Amino acid sequence: MSRGSTYNKYSVRNKNNNRKKKNNIITGLIMAGAFIVALIIVINLASAGGKKNDNKPAETVVASESSQEETTTAAPADKRSEALKTAEAQAVQYDYDGAIKTLESVEGAESDEEISKLIKDYEDKKDSLVAVSPQEVTHVFFHSLIVDPKRGFSLTDNTTWNKATPGFCQWMTTCYEFDHMMEQMYEKGYVLVSLYDMVDITKDADGVEHIEGKNIYLPKGKIPFVLSVDDVSYYHSYDDRGCASKMIVGEDGKPTCEYVDAEGKTLVGPYDCVPRLDEFVAKHPDFSYKGAKGTVALTGYNGILGYRTDPAYRDKDEDNLLDDQIAWLKEHPDFDWDKECEEAKKVADAVKEDGWTFASHTWGHIRIGDSELDRIKTDTANWKEGVEPLVGNTDIIIFAHGQDLASWDEEYSESDKFKYLKGQGYSIFCNVDGSTKYFVQIGDEYMRMGRRNLDGIRLWQAVYGGKDYLSDLFDPATVIDPDRPTDSSLYQ
Ligand SMILES: [Zn+2]
């Protein structure tokens with residue numbers, strides 16, 4: 001389990017540290033050597049200026065760790081090279097103000113020729129940025145990825161589709177498809193921004209959030225987009241469908257996944273959107289604006305992130321449990337709810353630390369448009385009891401089933417459902433609108449945004465159904481998984 005492996009890792013680290021102490025001289029020599037190498041790398045990097053290739057950041061991280069270990073009070077030269085590295089990383093992600101501030105903080109910056117040159121360079125780059133209105137930001141979303149299409153799109157026998165297969169074909173995207181989409185979007189100049197990059201949010205004396213649209217400044221040719229991932233709960237219904245089984249904290253402290261393969265072997269790796277996108281951004285930092293990642297929208301009824309954290313699992317009251325939940329509890333007699341919550345919280349913290357944000361997807365995956373207000377109240381209370389303690393407060397709600405709380409022509413902020421949810425702290429409301437590039441409405445108390453489903457149904461329609469809503473993002477024909485079934489009955 002993840003907890004065990006995390007603990008083991010720490011104990012391995014401690015052992016290494018003890019050994020280090022016993023071999024002071026050798027360690028000292030190695031450290032000194034590493035420090036010199038680190039310095040050389042830093043100096044080379046600094047002289048390379050803004051021209052950085054994608055493999056460089058890994059080296060700079062090594063350099064910074066070595067120099068931090070070596071000196072408790074960093075010498076000015078170390079501070080200077082640290083600052084140059086930080087500034088470069090900020091500039092690559094379009095944060096020129098941040099980069100300039102970092103450089104200006106270096107002692108003697110005014111008389112440092114190289115720093116003055118870099119500041120000038122960043123100022124020029126900043127001046128050449130182009131404003132993009134928040135109304136022109138496209139928002140794409142996924143569900144958990146299918147790792148093994150043969151299992152995700154499986155047959156019950158050779159002639160009949162498994163009854164869950166149409167749903168999986170329509171709503172899910174495979175790892176293959178996700179990777180190709182990100183790759184092609186990156187090539188086209190797309191840059192990942194956060195929902196919070198699109199708005200300024202201020203709180204009044206009563207704690208009510210007020211919203212104002214905000215332009216995003218990017219180099220010419222770059223196109224901002226927002227990304228979200230729904231239902232990262234690894235529902236019981238996903239079992240044996242070739243998806244990850246849970247998210248865990250990896251050995252590097254970053255979120256990753258557990259996946260049980262067709263042979264029943266548990267593997268650890270980037271088997272879903274969060275770690276997969278993280279890896280892509282690590283390789284291409286300029287794909288992310290100021291470090292932005294996506295938004296993870298969570299329900300609560302089956303727990304979160306693959307952990308059975310809903311209080312119903314703790315209470316084991318069969319009246320409040322579905323058949324698959326009862327079956328799961330029977331298969332796990334040693335289930336410890338407190339420990340489960342502790343693990344889930346650790347993963348949620350790592351996900352947030354990594355630049356992602358969490359949103360409510362409603363606790364029960366309810367149809368917000370069809371539901372009575374009372375149902376919405378109970379559902380919201382459930383989310384706040386079962387999910388919020390683990391992922392923290394959020395002012396983002398991403399509605400399920402593509403519904404919205406008001407119809408398109410209704411005055412959004414006048415509806416009772418809006419007033420209730422606003423009172424519960426929500427200010428950013430997302431629905432699904434897969435047929436237009438962007439749908440963004442900004443009112444005094446809300447931002448309402450449509451999202452585009454980059455899933456099987458859209459891919460199938462684009463490639464085989466004569467309805468292409470995707471080609472501004474990527475080429476659907478080269479993105480679609482060759483292992484995805486093409487039978488049209490699955491996509492109706
Ligand atoms: Zn959903």
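The values are calculated or read from the model by the stated rules, or taken from the named source; none is laboratory data. Just so it is clear, the model here is predicted, and its values are computed rather than measured. A quick note on method: Cβ atoms are made from the backbone with ideal geometry, for glycine too, and the neighbour counts reach across all protein chains shown.
Table: residues versus (1) small (Gly, Ala, Ser); (2) under 22 Å from Gly425 (Cβ atoms); (3) not in a strand (DSSP E or B).
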position	(1), (2), (3)
Tyr196	no, yes, yes
Ala205	yes, yes, yes
Glu212	no, yes, no
Gly221	yes, no, yes
Phe225	no, no, no
Ser228	yes, yes, no
Tyr234	no, no, yes
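Total residues in the stretch 248-267 satisfying the condition of being closer than 22 Å to Phe153 by Cα and in contact (Cβ under 8 Å) with a residue 24 or more places away in the chain: the figure is 4. Look at (1) more than 16 Å from the ligand (Cβ to nearest atom); (2) touching a residue at least 60 places away in the same chain (Cβ under 8 Å) and you find that Leu155 fails only one, number (2).
Can Val479 be described as of a type in the set (A, V, I, L, M) and touching a residue at least 24 places away in the same chain (Cβ under 8 Å)?
Working: of a type in the set (A, V, I, L, M): yes; touching a residue at least 24 places away in the same chain (Cβ under 8 Å): yes.
Yes, satisfied.
Among the residues that make up the stretch 225-236, is at least one of them within 16 Å of the ligand (Cβ to nearest atom) and over 17 Å from the mean Cα position of the chain (by Cα)? The answer is yes, given that some residue of the stretch 225-236 is within 16 Å of the ligand (Cβ to nearest atom) and over 17 Å from the mean Cα position of the chain (by Cα). Every condition in (1) within 26 Å of Ile398 (Cβ to Cβ); (2) not in a helix (DSSP H, G or I) holds for Gln325 except the one numbered (2). Scan the stretch 183-191 and tell me whether some residue there is part of a loop (DSSP other than H, G, I, E, B) and on the phi < 0 side of the Ramachandran plot. No, because not a single residue in the stretch 183-191 is part of a loop (DSSP other than H, G, I, E, B) and on the phi < 0 side of the Ramachandran plot. The condition (being touching a residue at least 12 places away in the same chain (Cβ under 8 Å), in contact with a Pro (Cβ under 8 Å, 6 or more places away or on another chain), over 23 Å from Leu305 (Cβ atoms) and more than 16 Å from the ligand (Cβ to nearest atom)) is satisfied by just one residue among Lys125, Lys188, Lys150: Lys125. Of Ala292, Ala282, all but one fail to be surrounded by fewer than 18 Cβ atoms within 10 Å (Cβ to Cβ), more than 16 Å from the ligand (Cβ to nearest atom), under 30 Å from Glu187 (Cα atoms) and in contact (Cβ under 8 Å) with a residue 60 or more places away in the chain; the exception is Ala282. Checked against the criterion of being surrounded by 16 or more Cβ atoms within 10 Å (Cβ to Cβ), under 24 Å from Leu421 (Cβ atoms), away from the ligand (no atom under 16 Å from the Cβ) and at pLDDT 95 or above, the candidates Met198, Met181 yield just one match: Met198. All of (1) within 16 Å of the ligand (Cβ to nearest atom); (2) within 25 Å of His139 (Cβ to Cβ); (3) surrounded by fewer than 17 Cβ atoms within 10 Å (Cβ to Cβ) hold for Leu298 with one exception: (3). Of all residues in the stretch 91-107, those satisfying the criterion of being farther than 14 Å from Tyr217 by Cβ and either of a type in the set (Gly, Ala, Ser) or touching a residue at least 40 places away in the same chain (Cβ under 8 Å) (or both) are Val92, Ser105. Taking the stated definitions as given, is Trp337 in contact with a Lys or Arg (Cβ under 6 Å, 6 or more places away or on another chain), modelled with pLDDT of 95 or more and either more than 30 Å from Gln90 (Cα to Cα) or within 16 Å of the ligand (Cβ to nearest atom) (or both)? Yes; evaluated as a whole, the condition is true for this residue.
Look at the stretch 347-362 and say how many of its residues are more than 16 Å from the ligand (Cβ to nearest atom) and under 17 Å from Asp310 (Cα atoms).
Summing the residues that are more than 16 Å from the ligand (Cβ to nearest atom) and under 17 Å from Asp310 (Cα atoms) in the stretch 347-362 gives 2.
Number of residues in the stretch 395-407 that are away from the ligand (no atom under 16 Å from the Cβ) and not small (Gly, Ala, Ser): the value is 1. Scanning the stretch 328-356 for residues that are in contact with a helix residue (DSSP H, G or I) (Cβ under 8 Å, 6 or more places away or on another chain) and over 18 Å from Lys246 (Cα atoms) yields one hit, Gly355. When the stretch 247-272 is filtered for residues that are crowded, with 18+ Cβ neighbours inside 10 Å and among the acidic types (Asp, Glu), the ones remaining, listed by number, are Glu258, Asp272.
Does the stretch 366-380 include one or more residues that are in contact (Cβ under 8 Å) with a residue 40 or more places away in the chain, under 19 Å from Gly450 (Cβ atoms) and more than 16 Å from the ligand (Cβ to nearest atom)? No, the conditions are met nowhere in the stretch 366-380.
Which residue, of Asp472, Asp468, Asp444, Asp483, is under 16 Å from Trp171 (Cα atoms) and part of a loop (DSSP other than H, G, I, E, B)?
Asp483
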